[in-house]
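Only one structure is covered here, and it is reproduced in the block below.
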Amino acid sequence: MIMFRHSLRGRGDLTEWRDAARAFLMAGCVPETIEWNTMDDADGLFGFDENRLPPPAAEPPRITVTPSFLKLAQAVLCHSDPTRFALLYRLLFRLFHSHGLLDMAADPDVNAAQKLAKSVGRDYHKMTAFVRFKELPLPEGVAGRRRFIAWFEPDHFIVARVAPFFQRRFTDMDWLIFTPKGSASWDGETLRVTDDPAQKPDLKDETDDLWRIYYASIFNPARLKVKMMMTEMPKKYWKNLPEAELIPSLIANAERQVIEMGQRAASEPQAFHHRIQEAAARQPVPEGPAAGTLSAVKEEARRCTRCDIHCLATQTVFGEGPQDAQVMIVGEQPGDQEDLAGRPFVGPAGKLFDETLALVGIDRRRLYVTNAVKHFKYVPRGKRRIHQKPNMGEIRQCRWWLGQEIALVKPKLVVAMGASALFALTDMKQRLEDVRSEPMPMEDGRVLFATVHPSYLLRIPDADLRQRELVRFRADMESVQRLIGAFG
Ligand code: URA
């Protein structure tokens, strides 16, 4: 028979439940006499004295609670299941008489509590993986720490539980995470948590585009496992993940793309690629000086044997673009797909590059796009060709071609994407980070601008760092756009 109705706020706080549970236990109340509610449910219809706690019994029991019960209770109380308070009290009451109860995994109460704790754990991990911060620009002229904001919809009351994770992970920035189940913020000194529900802020901004571009670039249709993807990134999170918008169309196109990839045999060397090289070698050597036009130099480069990389590559991948381009983009070397297609930046890095150009409003057709090294360097591993960085000797050998391209195109601005390109253009071993994002005058009067290589962005495993680097890359490309604008 119900003798007590007790209402709790029930937003993941251990103390409110613990205080009440202790009072009921001291009074010797059996679980069946207590009805536990969350504040919203308490209607007082039955005339019980709301939240009246019984006085302790004449000889109250000595209560000791094990750390393992406390740990379990802390997790279970974060769950949004309305039965959790009663379940925990039942467990506490029973533990009093049966100390080893928590070790009995088959016990229905223990089992139910562990299930709730597990789903709180899952929610915790989803929040650490799917929170997407947006940067809030600082007001004009104000210097300070970078500020970020995020919206997330957890299933349970986990904000206080997960906030220390974000504090550890993002110590060097100010952030605020809003959720309908509370909010957390960090300003470099204080971690603040409230359990008041927050409203979804308007978070649409351009970083969304970057997430989408990134996701589309790394999406490999041949590796698509829809079921696994749905488990890892359940649909309910999609609405707050900018990249999720692409998933349906990527899945829909995946089958066709796999067939096309198979036809292209993208990761295998062409069976008789040496014949392509031999055919190039048989071409008559053009008469007179090779230089003069880009097509003449390109023709000559087809037979290049200046370093050993040519032995394995399918073909020379020369630069492409208008001979009077004002801007030259220099990458590292062709990748797997470029090697087969014979054109620079057509694979995943090229896709990310193209999409970033489109975002900042640069027309690739107006650029001359090339690489520091014109052959694909790789090691065969099974059926795959694994990219190898060209060494300094190879870059120096290939600089001969890059020099010809620069001399013929005469770009006003040369953009080095990545350290290999920077080395090819300056012959100096310097940290890319030290010169990145700043236009630098070159001896020949041109301007050099250094940024990262898009492949670097595709390889960053950490989601937040990747987002920040995507934003920086885009900002670099915006600077390039401004420099182009300044040419008139
Ligand atoms: N990476 C490069 O540096 N160049 C390409 O053409 C493709 C990938």
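Each reported figure results from applying straightforward, stated rules to the coordinates on display, with no laboratory input. Remember, predicted model here, so these are calculated numbers, not experimental data. Note that each Cβ is placed from the backbone with ideal geometry, even for glycine, and that neighbours are counted across all protein chains shown.
With neighbour counts taken as other beta-carbon atoms within 10 Å, the residues Thr179, Thr33, Thr316 rank, fewest first, as Thr33, Thr179, Thr316. Fewest-first ordering of Met428, Met233 by other beta carbons within 10 Å of each residue's beta carbon gives Met428, Met233.
Amide H contacts of Phe148: Leu136, Asp174, Trp175, Leu176, each under 5 Å away and 5 or more positions distant or on a separate chain (H built 1.01 Å from N in the peptide plane; Pro and chain starts excluded). Taking the stretch 4-126 on its own, what percent of its Cα-Cα pair distances exceed 24 Å? Within the stretch 4-126, distances greater than 24 Å cover 26 percent of Cα pairs.
Computed from phi, the 3J(HN,Hα) profile of the stretch 17-27 under the Karplus parametrisation 6.51, -1.76, 1.60 (θ = phi - 60°) reads 6, 4, 4, 5, 4, 4, 4, 4, 5, 5, 8 Hz, with x in place of Gly and Pro.
Summing charges over neighbours of Ala349, with a neighbour being any other residue whose Cβ is under 12 Å away from its Cβ, gives -3 when K and R count +1 and D and E count -1. The trypsin sites (Lys or Arg not before Pro) of the stretch 406-455 meeting both criteria, a DSSP state outside H, G, I, E and B (loop) and at most 12 other C-beta atoms within 10 angstrom of the site's C-beta, are Lys429, Arg431.
Computed over the Cα atoms of the stretch 304-349, the ratio of the radius of gyration to the Kirkwood radius (Rg/Rh) comes to 0.99.
Among 465-472, 103-110, 350-357, 401-408, the peptide with the highest mean count of other Cβ atoms within 10 Å heads the list, and the full ranking is 350-357, 401-408, 465-472, 103-110. Close amide H partners of Gln388, meaning residues 5 or more places away or on another chain with modelled amide H under 5 Å apart, are Lys377, Tyr378, Val379.
Amide H contacts of Asn37: His6, Ser7, Leu8, each under 5 Å away and 5 or more positions distant or on a separate chain (H built 1.01 Å from N in the peptide plane; Pro and chain starts excluded). Length, then width, then depth: along the principal axes, the Cα atoms of the stretch 310-399 run 40, 27, 19 Å. For the pair the stretch 431-488 / the stretch 337-406, the C-alpha centres are spaced 16 Å from each other.
Of all DSSP bridge pairs formed entirely within the stretch 291-486, close to 30 percent run antiparallel. Within the stretch 291-486, the ratio Rg/Rh, alpha carbon atoms throughout and Rh by Kirkwood, equals 0.94. Size descriptors for the stretch 65-133: radius of gyration and Dmax over Cα atoms are 13.3, 49 Å. Grouping the Cα pair distances of the stretch 358-436 into 10 Å bins from zero gives a pair-distance distribution of 16, 40, 33, 11, 0 percent in increasing distance order.
When the P(r) is computed for the stretch 43-201, the part past 23 Å accounts for 54% of the Cα-Cα pairs.
When both bridge partners sit in the stretch 361-467, DSSP labels roughly 50% of those beta bridges antiparallel. Extension gain for Asp174 to Leu138 (0.36 nm times residue separation, less C-alpha to C-alpha distance): 11.8 nm.
The HN-Hα couplings worked out from phi for the stretch 388-405 by the Karplus form 6.51 cos²θ - 1.76 cosθ + 1.60 (θ = phi - 60°) are 10, 5, x, 8, 5, x, 5, 5, 5, 4, 6, 4, 4, 6, 4, x, 4, 4 Hz, whole numbers, x standing for Gly and Pro.
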